[in-house]
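As structure tokens, the structure follows; a few thoughts come after it.
The values are calculated or read from the model by the stated rules, or taken from the named source; none is laboratory data. Keep in mind that what you see is a predicted model, and the values were worked out from it rather than measured. Cβ coordinates were reconstructed from backbone atoms using ideal geometry, including for glycine residues, and neighbour counts include every protein chain displayed. Each accessible area value is taken on the protein alone, full model and side chains, heavy atoms only, with ligands, DNA and RNA left out. Shrake-Rupley method; radii C 1.70, N 1.55, O 1.52, S 1.80 Å.
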Amino acid sequence: MIQRPRGTRDILPPESRLWAAVEAEAHRVFSGFGYDEIRLPVFEPTELFVRGVGEGTDIVRKEMYTFADRKGRSLTLRPEGTAGVARAYIENGLGQWPAPVRLAYMGPMFRYERMQRGRYRQFAQIGLEILGADTPAADVEILLALHTFLAALGFDDLVILLNNLGDPEDRPRFIARLKEILEPHRAELCGDCRQRWTTNPLRILDCKVERCRELVAEVPPVSELASDATRTHVDAVEAALAELAIPVRRAPRLVRGLDYYLRTVFEVVSPGLGGDTAICGGGRYDRLIADLGGPQVPGTGFAIGEDRLIEVLPSAFRERVLGRPVVALLPLDEGAAVARCFALARELAARGLVTHTEVTRRSLKAALKWAVKLDARAAVLVGANELEAGAAQVRDLTEGSQEAVAFVDVADVVAGRLPGPETVLR
Ligand code: AMP
């Protein structure tokens, strides 16, 4: 039997309904803040990620799905969304649009990750980017949109961790200090960190290996060596979020796995997933577009990991989406009875109920069993007698009662008995 590749998933119904509902909520909330979707290719020239994400990052060194196409061009399945957005901004001349340009994206990303809980090789992200504003207000806005979205899903225990990564000019100073402190212990660092020493020393701060963590604890946080301008910036973000009653915790040791971030960086963690597992990460990237050969345009954004978000989705949202009542439509004959059932299905579906019409020629007894297995709350029976009388038999499968209801009233009666779209959906 052919199996799916490691690290990929089949998302089956009814779970897939949660995905659709989360995405619909994202479109609704984010478009309300002025962010509409940009749909980008799933593969891009490899060069984009090497330059955009950074040569020394784990993503570029170890995690990309890179392949040559039939003409020998090196292409890579996108490991993240921001580099593609920046490329599209330059390529489509979005600098001509009134600034700032606000964009949302969602879709699959690909990273060759080591297998562990909450890490997949194909996973989905939902992200926002605001391009063309270098102000703290732009950072505040995306965090506000993020917080509003998560609140709409019913989250109330998530924490935004915030840090100041300083500007690239601050980094040599910081890296010199880091190396000074770690030099005597260099041989004790893990293999990855010994390599990071030359390729990307900042990433040593983020290593999960116990001994590396102990050693790094001696190094003062990045934010302490950051310039005053960057401190003022991040302090302003923090103060504005406090005004909006959005809970934030400073995380002086938070660094992110992508090279382009500077100043404001943040993550959202969930108690449900454990401290190390973020459901969202983001920050400011004022040099990215210029580094990719475009104009000097600042940007800030975030990406939510949709797989993880759905894993910890509050139960009220899950129930609201998965609990839509099911109505079984049971034609007792072929022909006109089937057509009548479909006409009723169309009316019921339009009211937000979930219909399943029997189309396999089951006997009435078998059809009722089938309806119970589907967890249907009501069954609507239509046979020759019902067609003649102009009324269906509507059976309440919870109570077992049954009554004749004129075809024109079936939708009203069934929707009135079951929680309708007003209470079940929003
Ligand atoms: P990043 O693009 O690395 O900043 O990640 C942003 C968010 O995407 C993380 O906080 C995760 O929720 C999610 N994410 C990143 N990598 C994976 C993965 N391999 N599997 C599932 N989710 C991921």
Checklist entry - Taking the condition open to solvent by 30 Å² or more (accessible area, probe 1.4 Å) and within 13 Å of the ligand (Cβ to nearest atom), does ARG308 pass? => result yes
Next on the checklist: With the structure loaded, tell me whether VAL297 is open to solvent by less than 20 Å² (accessible area, probe 1.4 Å), more than 16 Å from the ligand (Cβ to nearest atom) and either small (Gly, Ala, Ser) or touching a residue at least 40 places away in the same chain (Cβ under 8 Å) (or both) or whether it fails that test.
Outcome noted: yes
Next on the checklist: Looking at segment 9-22, can you tell me whether even one residue there is more than 15 Å from the chain's Cα centre (by Cα), modelled with pLDDT of 95 or more and either more than 24 Å from ILE279 (Cα to Cα) or among the aliphatic types (A, V, I, L, M) (or both)?
Outcome noted: yes
Checklist entry - Does ALA137 satisfy being surrounded by fewer than 21 Cβ atoms within 10 Å (Cβ to Cβ) and over 22 Å from ARG284 (Cα atoms)? => result no
Checklist outcome for this item: Selection over segment 385-403 where residues are open to solvent by less than 40 Å² (accessible area, probe 1.4 Å) and assigned to a loop (DSSP other than H, G, I, E, B) yields a count of 1
Checklist entry - In this structure, is THR46 open to solvent by 60 Å² or more (accessible area, probe 1.4 Å) and of a type in the set (S, T, N, Q)? => result no
Item to check | Residue that is under 17 Å from VAL101 (Cβ atoms) and among the aliphatic types (A, V, I, L, M), where the choices are ILE279, ILE289 | outcome: ILE289
Checklist entry - Is there any pair with a first residue in segment 347-363 that is open to solvent by 80 Å² or more (accessible area, probe 1.4 Å) and a second that is of a type in the set (Phe, Trp, Tyr) whose Cβ atoms are under 7 Å apart and which are 6 or more apart or on different chains, and what are they? => result ARG362/TRP370
Checklist entry - Can you find a residue in segment 323-340 that is hydrophobic (A, V, I, L, M, F, W, C), surrounded by fewer than 17 Cβ atoms within 10 Å (Cβ to Cβ) and modelled with pLDDT of 95 or more? => result yes
Checklist entry - Going by the conditions given, is VAL265 under 21 Å from the mean Cα position of the chain (by Cα), among the hydrophobic types (A, V, I, L, M, F, W, C) and surrounded by fewer than 18 Cβ atoms within 10 Å (Cβ to Cβ)? => result no
Item to check | Whichever residue in segment 215-255 is more than 25 Å from the chain's Cα centre (by Cα) and assigned to a loop (DSSP other than H, G, I, E, B) and, among such residues, is nearest to VAL265 (Cα to Cα) | outcome: PRO252
Checklist entry - Does any residue of segment 20-30 turn out to be farther than 30 Å from PRO98 by Cα, open to solvent by less than 70 Å² (accessible area, probe 1.4 Å) and in contact (Cβ under 8 Å) with a residue 40 or more places away in the chain? => result yes
Checklist outcome for this item: A careful count of residues in segment 92-128 that are over 19 Å from GLU44 (Cβ atoms), within 11 Å of the ligand (Cβ to nearest atom), open to solvent by 30 Å² or more (accessible area, probe 1.4 Å) and not basic (Lys, Arg) gives 3
Item to check | Among (1) modelled with pLDDT of 95 or more; (2) within 15 Å of the ligand (Cβ to nearest atom); (3) part of a loop (DSSP other than H, G, I, E, B), the one test that GLY54 misses | outcome: (1)
Checklist entry - From ALA415, ALA411, which residue is within 30 Å of ALA151 (Cα to Cα) and either assigned to a helix (DSSP H, G or I) or open to solvent by 40 Å² or more (accessible area, probe 1.4 Å) (or both)? => result ALA415
Checklist entry - What are the residues in segment 129-143 that are away from the ligand (no atom under 16 Å from the Cβ) and touching a Gly at 6+ places or on another chain (Cβ under 6 Å), if any? => result LEU131
Checklist entry - Taking the stated definitions as given, is GLU243 in contact with a strand residue (DSSP E or B) (Cβ under 7 Å, 6 or more places away or on another chain) and of a type in the set (D, E, K, R)? => result no
Next on the checklist: Given the options VAL380, VAL327, name the one that is assigned to a strand (DSSP E or B) and within 36 Å of the chain's Cα centre (by Cα).
Outcome noted: VAL327
Checklist entry - Can ARG361 be described as more than 16 Å from the ligand (Cβ to nearest atom) and closer than 30 Å to LEU18 by Cα? => result no
Next on the checklist: Need the failing condition index for ASP291 against (1) at pLDDT 95 or above; (2) more than 10 Å from the ligand (Cβ to nearest atom); (3) over 22 Å from ALA217 (Cα atoms), just the number.
Outcome noted: (1)
